[in-house]
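To start, the structure under review is shown below, and the notes come after it.
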Amino acid sequence: MDNRVEKGRATRDALVGVARELFGERGYDGTSIGAVLEAAGVARGALYHHFATKEDLFDAVLDREIARLSTVATEAAAGATNPLEILRRACAAWLRLALDPAVQRITLLDAPAVVGWRRWREIDEAHILGGLRAAIGLLATEGRLAEAEVDMYAHMLLAAVAEAALVIAQSDDPEAALASGQAAVDTLLSRALGEPSS
């Protein structure tokens, strides 16, 4: 029984990994279930055992991709002790990832249309919001905002960085948009959270 469970997990992981490559390269509409099956080397029944629809498969890919982005942002902030610097580093890492065409397609361009805005935000919140709340909560203890505002600030920052990433993804000059986006987020953080409130 354990062997079957392990094999099932391995099959699911393989399907999500292959689908990530295909969705990232071809987009959701350009990726067929047949292409996923062929690339993964599994039977149709194996795929439908794990995912009832192509949308369900995309949802799993999106969830894993947002979790990966969160990990990259967390690693980028490692070593920083100032909560504002933690936020700056984490946000900058996420914006840099928006240069990757696969990240753009999966997390920014296709996600809202495929899984819907509400589910897209749920996934973002599940993987990213907790870290933002923690860092902003530290700023609240320093008197830079009211404790009651922490959750709202976390949501606002998540939305602002996601929007900046979308602008970068759709820009004709992504590198210039990245520089502009990073500068804008730094300014936003400094002005909103940089000084203790009186």
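The values are calculated or read from the model by the stated rules, or taken from the named source; none is laboratory data. It should be emphasised that the depicted structure is a prediction, and the values quoted were computed from it without experimental measurement. Using ideal geometry, Cβ is built from the backbone for each residue, glycine included, and neighbour counts are taken over all protein chains shown.
Quick notes on this one:
- Filtered residues of segment 37-77 (kept if without any contact (Cβ under 8 Å) to a residue 40 or more places away in the chain, of a type outside the set (D, E, K, R) and over 25 Å from Q104 (Cβ atoms)): L37, G41, V42, A43, G45, A46, L47, Y48, A52
- Pairs where the first residue, in segment 83-111, is part of a helix (DSSP H, G or I) and the second is β-branched (V, I, T), C-beta under 6 Å, 6+ apart: C91/V161; C91/V185; A93/V72; W94/V161; L97/V103
- Of the residues examined, G79 is one that is within 30 Å of L188 (Cβ to Cβ) and not in a helix (DSSP H, G or I).
- Of the residues making up segment 139-178, those that are charged (D, E, K, R) and either loosely packed, with under 12 Cβ neighbours inside 10 Å or closer than 22 Å to A113 by Cα (or both) number 5.
- Among (1) under 15 Å from V16 (Cα atoms); (2) surrounded by 16 or more Cβ atoms within 10 Å (Cβ to Cβ); (3) modelled with pLDDT under 95 - the single one H49 does not satisfy: (2)
- Residue within segment 61-74 that is more than 19 Å from W94 (Cβ to Cβ), among the small types (G, A, S), surrounded by fewer than 18 Cβ atoms within 10 Å (Cβ to Cβ) and at pLDDT 95 or above present: no
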